[in-house]
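As structure tokens, the structure follows; a few thoughts come after it.
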Amino acid sequence: MSENSAGIGDLLGSSRTSFIYQFKSSDIIGTWQSMEMENMPEKFDREEEKGNNSVEIKVLFFARARDLTGVSEMQLAVSAGSTAHDCLNKLILTYPSLEEIRSCMVLALNEEYTPESAVVKNRDELAIIPPISGG
Amino acid sequence: MSDEERNLIEILEENTPIDINKLINYVQAPHCGAIATFSGTTRDTFEGKTVLELRYEAYVPMAIRCIKSICMSARSSWDLGSIAVAHRLGPVSVGETSVFVAISSVHRADTLDACKFVIDEIKASVPIWKKEVYTNGEVWKENSEFVERREELQKPSSDNGNECCRKKVSTDEGHRGRGCCTGKVKINDEMV
């Protein structure tokens, strides 16, 4: 319990100790701790390494795009000021098979359809949208 | 009549059938004299090949945004009560409902037209994919509505931002859709 208290205390601020004891589920606290430990230090390291000259985005692959790449998502580092078009070019270098759907797909940036000229920002979510077929 | 936006949008997890009665009940209202529904069901053959099942997947948060946007657009063209839209994910066996739309309105003309508009827009712009599984292979399907809309989806935004289904831009002609979700006028053009 003392370990959990320390973790949550760090997360919420030191003055919240009495609040912590209201949590009954150690699972939830455990999850929060592991998220902190796995993601945060790595993220800081990468940002330090890159300085201000690059941004890191998340790329999502759906349907045929996922079949072609074999992955459903990945992190992509590109230089600051890069457009969605630049990102796509870089992705095609990594996964040349994506070229197959390039002329029929569209892109979405942060859950909205986007022109390829849009500039991506750090932590943006870029999705490769192959021809849709809902209904 | 109150123009409150009463929409129910469901992207259902695998192995969850669409509760059609629930959706119809949702749109039912004392002031609405009409309910139109559309039910999309899976076919057993495609170009002579026997279809075993269809498998759906979606970019769920964006799909929900897009459907909301379509509902908004429909409301700007027609006087509607409530709208309910459900789409299944995962495997859907032949003969089952994969997509369902229910819309209520005071008079039938509004809901009948809006219902066609909503399903057409879903097919054109909502990021949901279906794979057809045959006895001897499988293929990702492509909606012709999307292929026709593709250029428009990639256009730089004007003043409305790049919503999946942009709000209508008022023009001299009145109702005129723009962006992924076009309006009533275009539908009428297509029907002529």
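The values are calculated or read from the model by the stated rules, or taken from the named source; none is laboratory data. Model, not experiment: these values are computed from the prediction. Cβ sites come from the backbone with ideal geometry, for glycine too, and all protein chains shown count toward neighbours. Side chains included, ligands, DNA and RNA excluded: accessible areas come from the protein's heavy atoms. Shrake-Rupley method; radii C 1.70, N 1.55, O 1.52, S 1.80 Å.
Start at zero, step by 5 Å, and the Cα-Cα distances of segment A:54-129 spread as 4, 18, 32, 28, 15, 3 percent across the bins.
Chain B packed on chain A takes about 2700 Å² of accessible surface away from a 1.4 Å probe, both sides summed. According to the Cα-based calculation, Rg over Rh for segment B:1-84 is 1.04, with Rh computed by the Kirkwood formula. The calculated Kirkwood hydrodynamic radius for segment B:74-121 is 11.7 Å, given to one decimal from all distinct C-alpha pairs.
Estimated translational diffusion coefficient (Stokes-Einstein, Kirkwood radius over Cα pairs, 37 °C, 0.692 mPa s) of segment B:6-144: 213 µm² per second.
These residues, B:Thr16, B:Thr135, go from largest to smallest accessible area, 1.4 Å probe, as B:Thr135, B:Thr16. Basic side chains Lys and Arg get +1 at the Cβ, acidic Asp and Glu get -1 at the Cβ, and with that the dipole of segment B:6-144 about its Cα centre reaches some 260 debye.
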